[in-house]
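For reference, the structure discussed in these notes is given below.
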């Protein structure tokens, strides 16, 4: 995935503001191969409702927002619906790992692939940020490999200028 410095800073800011909880958000833009230049991507920080769900039903939602994220389903649906109307798609999903490394956990895989062996958004790349003591230390990108039926790790390429 390639994002410009301003987009990366928006993700990092959201992660710092959410700390010590996980942050979450969506990256929306044109489908790949259809004028989907990275500078046209929109980063949309979302509300993590994991704590609310944990309080309502700790058996179904045993983890708090310190160790999990759940994008508000109504917000998620609204964003996806608006994107589809504009001819855009979910190009990425981002979240943070407070006081942990940037890795794609078993829980992250289970959330991305909720049924069977096909992700809910197979074209979406997942950006996971490591946040320690409120500072973002780095991030990794995970993309679905349909042939291997697994997520492959790569680095986030940060473009120095918005139009680069």
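None of the figures in this text is laboratory data; all of them are computed from the coordinates on show. Note that the structure is predicted; figures quoted are calculated from it, not measured.
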Fill in: Span per principal axis, largest first, for the Cα atoms of the stretch 1-67 (Å)
44, 23, 15
Worksheet entry | Translational diffusion of the stretch 69-164, µm² s⁻¹ [Kirkwood Rh, Cα pairs; Stokes-Einstein; 10 °C; 1.306 mPa s] | 108
Fill in: Relative contact order for the chain, counting Cα pairs under 8 Å that sit 6 or more residues apart, in percent
28
Worksheet item: Can you give the percent of C-alpha pairs in the chain whose distance is more than 26 Å?
Response: 24
